[in-house]
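Report on the following structure.
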Amino acid sequence: MNELNSVTSASRTSNGSNNDAYSTSIASATTSSTRPRALVASLKSPRRVWYCALFISSLIAMGSTFEAVKMQRRYTAPTIPPTPTQQWSVASITITFLLTFLTLSLQMASPTKATKYLHGTKLEMGLILLLSGFTCSSVGTATNPASGMAVNASGGVSFGNLFYSTWASFISAMGALLSFLRTERGFDVSSELSSRGNRFRTWAILIVVALIVMGSSASCYDAKCDELYNDIRPVKYCRRAAFGVSAGCIGCVASLAVVAMRLSCATMTLEGRANRTIFIIEGILSVVLFC
């Protein structure tokens, strides 16, 4: 009887050890299989989505820019060289496409090298700032009525692909810049705007809108209301363009003043002389801008 019990306990011990060994092997196999996935996920750039969007939009914008310049060159003599605006528009969007292509190629071909030399470094910050500058220049040259590439002299969109693709490139570059500031510098723009209240966010948005209105109105005014064309310029059109420039300038200056005051003088508590003064100034400027 004792021998039977000893045999039974020994078999249970061996089965338990086999089960433990099997469980350990399964756990190690699972860990080894999930480890490469976690490693690959950690090597991915948080701005890859923005780089992909910039790659696609800049590719469309580059092709559209070539087509727009080609169409404009049909109406000029072959001996006349391209204008500086045409040359710069082609160069800026081409450089944007090439830089984005090289960045994505490095991330896909060698994620470890991209993580070591690019992700979160000063090189990436300079690259993003360079892309932001080139895309901003592309928007300016493409949407300027004086150049006639995406917008005609009357202010209407004549080349939709070029117009929207350049704006998409600029938005993608700005998204990459905001992502870099949030992940690498710890500065979250959306959180900062939300933490300072809804009015602060509204004034910040008004700065951007006023700049766009002022720039667009100034471009329209230069295209059809220049002093060289006093005999043929439309009076109502030029008055509206001048009013747009004035309204955009006043709105931009007022919004910048309010944002600067709230950043430098406002306190976190609702009570206080500075907060009451800023609130009164905001009310007066809101009424002026609305009227």
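The values are calculated or read from the model by the stated rules, or taken from the named source; none is laboratory data. Bear in mind that the values here come from a model prediction, so they are computed numbers and not experimental data. Virtual Cβ from ideal backbone geometry, glycine too; neighbours counted across all protein chains shown. We work out accessible area using only protein heavy atoms, side chains counted, and drop any ligands, DNA or RNA first. Shrake-Rupley method; radii C 1.70, N 1.55, O 1.52, S 1.80 Å.
For segment 97-212, with every protein chain kept in place, what is the accessible area per residue (1.4 Å probe, Å²)?
About 51 Å² of surface per residue is accessible.
Using alpha carbons only, what's the Rg to Rh ratio of segment 149-220 with Rh from Kirkwood? Walk me through the intermediate numbers first.
Working: Rg = 15.9 Å, Rh = 14.6 Å.
Result for segment 149-220 is an Rg/Rh of 1.09.
Leaving out same-chain residues fewer than 8 places away, which lysines sit with a Cα under 24 Å from that of LYS236? Straight-line reach from LYS236, under 24 Å: LYS224. Summary value for segment 113-258: 21 percent relative contact order, contacts being C-alpha pairs under 8 angstrom separated by 6+ residues.
Per the Kirkwood formula applied to alpha carbons, segment 95-183 shows a radius of gyration over Rh ratio, Rg over Rh, of 1.10.
For VAL90, what charge total do you get from the other residues with a beta carbon under 14 Å from its beta carbon, if Lys and Arg give +1 and Asp and Glu give -1? If you can, show how the numbers build up before the last one.
Numbers: positive: LYS70, ARG73; negative: GLU67.
Result for the local shell: +1.
With all protein chains in place and a 1.4 Å probe, the accessible surface of segment 64-127 carries 72 percent carbon and sulfur.
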